[in-house]
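The values are calculated or read from the model by the stated rules, or taken from the named source; none is laboratory data. These numbers were taken from a predicted model, which means no experiment stands behind them. Because the Cβ atoms are built from the backbone with ideal geometry, glycine has one as well, and the counts that use them run over all protein chains shown.
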Amino acid sequence: MIKQVFGILLLLYTFALLQMSFFTRLFPNGWIPNLVMLSVVFLSIFERRDSYASFAAALFSGFLLDIFSGGIIGFWSLTLLVISLLIKFVLEEYVRLPIPKKF
């Protein structure tokens, strides 16, 4: 469990560092892929319904993006948290997984 959490946090840190330092020089005109947002979206979609790891990952990665970007502190944290909350809400309220019935 601790290794998985540490691995996810390290991956998010690496994505944030790549996005804010290396990709700004590699991709022209500001068209930078947002790997952090993609990873938070995938984590929100593919985690269990009773797990809230995506919220912690959204706050942590948003904080990293806020620190590395030099912009307004809290913007990315709030944005990623709202995205994660919306995904969890839609999955819980509107998506039903087929459950086989016993005959």
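Going by the structure shown, is LEU35 without any contact (Cβ under 8 Å) to a residue 24 or more places away in the chain and surrounded by 10 or more Cβ atoms within 10 Å (Cβ to Cβ)? For LEU35, the condition - without any contact (Cβ under 8 Å) to a residue 24 or more places away in the chain and surrounded by 10 or more Cβ atoms within 10 Å (Cβ to Cβ) - is met.
The criterion of being assigned to a helix (DSSP H, G or I), without any contact (Cβ under 8 Å) to a residue 24 or more places away in the chain and of a type in the set (A, V, I, L, M) holds for LEU10. Among the residues in the range 82-98, are any farther than 15 Å from GLU47 by Cα, at pLDDT 90 or above and not basic (Lys, Arg)? Yes, the conditions are met somewhere in the range 82-98.
Comparison of SER21, SER39 shows that the only residue that is under 17 Å from ILE83 (Cα atoms) and either under 13 Å from the mean Cα position of the chain (by Cα) or modelled with pLDDT of 85 or more (or both) is SER39. Here the condition is being aromatic (Phe, Trp, Tyr) and closer than 30 Å to ARG96 by Cα; of TYR52, TYR13, it holds for TYR52 alone. Please work out which residue is surrounded by the most Cβ atoms within 10 Å (Cβ to Cβ), limiting yourself to the range 46-80 and to residues that are of a type in the set (A, V, I, L, M) and at pLDDT below 90. Among residues in the range 46-80 that are of a type in the set (A, V, I, L, M) and at pLDDT below 90, the one surrounded by the most Cβ atoms within 10 Å (Cβ to Cβ) is ALA53.
Looking at this structure, is LYS101 of a type in the set (Lys, Arg) and either surrounded by 13 or more Cβ atoms within 10 Å (Cβ to Cβ) or modelled with pLDDT of 90 or more (or both)? Taking the combined requirement at face value, the residue does not satisfy it.
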